[in-house]
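Here is the structure we will look at, set down as structure tokens.
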Amino acid sequence: MDRENQGINNTDAVEKKMEYEELFSEKLKQHPELESKYGKLLTEFCSVYGDYKDYLLAENKIYETYVRNLDFVRIMSLTSRLQKYMKIMVLKHIMNTNQG
């Protein structure tokens, strides 16, 4: 499971979003002038999101891959540095042991 989905699940974001949408719809019903202006907003948003969902998913996957790869590169760089340091320390130890 990717990090974004973990955050969504941990915070109950989907349930909260649905509650906010329901509250929004209820408030609009109490104000006909606002309902006529904004009453189709959620439906239109769902339609637009449906049209772009695949693109948003691809963008998210590319971002997740990029971030993970950066983390991997950083870890490999640190590991390489540590390996070089260890070789130097071993060589120094060997040289000190042979001199004494």
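The values are calculated or read from the model by the stated rules, or taken from the named source; none is laboratory data. Since the model is a prediction, treat every value here as computed from it, not as a measurement. Because the Cβ atoms are built from the backbone with ideal geometry, glycine has one as well, and the counts that use them run over all protein chains shown. Protein only, heavy atoms only, side chains kept; ligands, DNA and RNA dropped before computing areas. Shrake-Rupley method; radii C 1.70, N 1.55, O 1.52, S 1.80 Å.
Would you list, by chain and number, the aspartates and glutamates whose Cα falls below 18 Å from the Cα of Lys40, excluding same-chain residues fewer than 8 positions away? Here the aspartates and glutamates satisfying the reach criterion relative to Lys40 are Glu19, Glu21, Glu22, Glu26, Asp51.
Along the charge dipole of the chain, pointing to its positive end and built from +1/-1 on Cβ of Lys, Arg, Asp and Glu, which listed residue (Gln83, Leu70, Leu28) has its Cα farthest out? After comparing all options, I get Gln83.
Length gain on complete extension for the stretch Met76 to Thr43, per 0.36 nm per residue less the alpha carbon to alpha carbon distance? Don't jump to the answer; show the numbers that get you there.
On the way: separation 33, 0.36 × 33 = 11.88 nm, distance 4.73 nm.
Length difference between fully extended and current span is 7.1 nm.
Taking a spot 7 Å from the Cα of Lys61 along the direction of its beta carbon, which residues of the stretch 1-41 have an amide N less than 18 Å from it? Flagged as within label range: 1-6. Per residue, the accessible area of the chain comes to 93 Å² when a 1.4 Å probe rolls over the protein heavy atoms.
Where only DSSP H runs of four or more residues are counted, the chain gives -32500 deg cm²/dmol as its mean residue ellipticity at 222 nm, each run worth -39500 (n - 2.57). Build a GNM of the chain with springs between Cα atoms under 10 Å apart, and of Ile62, Ile88, Ile75 the one that fluctuates most is Ile88.
Percent of accessible area on the chain owned by carbon and sulfur, 1.4 Å probe?
Values: 5640 of 9280 Å².
Its accessible area is 61 percent carbon and sulfur atoms.
Taken along the Cα-to-beta-carbon direction at a fixed 7 Å, the label points for Asp54 and Asp12 span 3.5 nm. Cβ-Cβ distance of Asn98 and Asn69, R₀ of 35 Å, FRET efficiency by 1/(1 + (r/R0)^6): the value works out to about 0.20.
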